[in-house]
Amino acid sequence: MADRFDRKQPIGVFDSGIGGLTVAKAIATLLPEEELVYFGDTAHMPYGDKSPDSIRYYCLQIAKFLLEQNCKMIVIACNTASSVGYRVLLDFFKKSSLFVNVVDPLVDATVLRGFSKVGVIATKATVNSRVYGLKLSEKQPDLEVASLATPLLAPMIESGYFHDNISRAIINDYLSQPILQNIEALLLACTHYPLIHKDIDEFYQHKVHILDSTDVTAAAVQKKLADHNLLNDKRRNPHRFYVSDYTQSFEETTRIFYQEEIHLEHCAIW
Ligand code: DGL
């Protein structure tokens, strides 16, 4: 049982690639005494274009790896994996670890604000899962939710295009779609998107609330660990960052997501 875990055990964090480092960074900042084991499935990214069955299979294999690393908690730092794979992870492993996904904290933070119409931008797989619409209307039935798949944004950010003319043109095109008219808030439902928060804010001239899953997920991690009396008091080891396919370019890109230099280790779990 998770309650029998030791507070000194690490927290596993995973994503399809390196976008989830935005969530890892928020956790490391809020909980500096926690040790993180990050896994980025760079061999299979982007998850957003994969089938639900493939995404679920990847999630299960990654969770197995993180459990072998003795993680007391696994954070699904990917909206696509959270939308499609969270249930199956609980079905298989809820007795072996605590789980936190990035969807529920963002949904909870949204309904607290009492908006009447919100937009959600995400990968195709997240939008097709309809998870945001379902969870939001379960908690706030009168909330209008407009979801738009924005598949170019994650590769654009990973290629280093943000705060420039190319990113502005793509963002403008997506956010001008009729479906997103008259929203009071936009949910950045992909862990890459915090990097374009500023560009989106500029597009809306600061008139639309922009919410993402970084800090709210870190707060959910803190709460769940505290509830289980599993908050670490002192970190003994450095964080570890693994990827399933290593390239120099991934290593260089990590800096934009984690805001500091980190070393990626190749880990062949496939
Ligand atoms: N980081 C993933 C997410 O939050 C998006 C990237 C991908 O498609 O793999 O949904």
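Structure summary
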{"item": "The range 17-41: number of residues that are within 16 Å of the chain's Cα centre (by Cα) and open to solvent by less than 10 Å² (accessible area, probe 1.4 Å)", "result": "14"}
{"item": "Qualifying position, being assigned to a loop (DSSP other than H, G, I, E, B), in contact (Cβ under 8 Å) with a residue 24 or more places away in the chain and surrounded by fewer than 20 Cβ atoms within 10 Å (Cβ to Cβ), among 151, 141", "result": "151"}
{"item": "Tabulated pairs, the range 14-39, first within 9 Å of the ligand (Cβ to nearest atom), second among the acidic types (Asp, Glu), C-beta under 7 angstrom, 6+ apart or interchain", "result": "16/41; 17/41"}
{"item": "The range 87-100, residues that are in a helix (DSSP H, G or I) and touching a residue at least 24 places away in the same chain (Cβ under 8 Å)", "result": "88, 89, 92, 93"}
{"item": "Residue within the range 74-81 that is away from the ligand (no atom under 11 Å from the Cβ) and touching a residue at least 60 places away in the same chain (Cβ under 8 Å) present", "result": "yes"}
{"item": "Lone qualifier among 59, 71 - being in contact with a Gly (Cβ under 6 Å, 6 or more places away or on another chain), under 27 Å from residue 5 (Cα atoms) and assigned to a loop (DSSP other than H, G, I, E, B)", "result": "71"}
{"item": "Filter pass, residue 204 being of a type in the set (Phe, Trp, Tyr), modelled with pLDDT of 95 or more and open to solvent by 20 Å² or more (accessible area, probe 1.4 Å)", "result": "yes"}
{"item": "Some residue of the range 2-25 being at pLDDT below 95 and of a type in the set (Phe, Trp, Tyr)", "result": "yes"}
{"item": "Scope the range 154-184; condition of a type outside the set (Val, Ile, Thr), open to solvent by 70 Å² or more (accessible area, probe 1.4 Å) and touching a residue at least 40 places away in the same chain (Cβ under 8 Å); matching residues", "result": "182"}
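The values are calculated or read from the model by the stated rules, or taken from the named source; none is laboratory data. No experiment lies behind these values; they were computed from the predicted model shown. Please note: Cβ atoms are built from the backbone with ideal geometry, for glycine as well, and neighbour counts cover all protein chains shown. Surface accessibility is based on the protein's heavy atoms, side chains included, excluding ligands, DNA and RNA. Shrake-Rupley method; radii C 1.70, N 1.55, O 1.52, S 1.80 Å.
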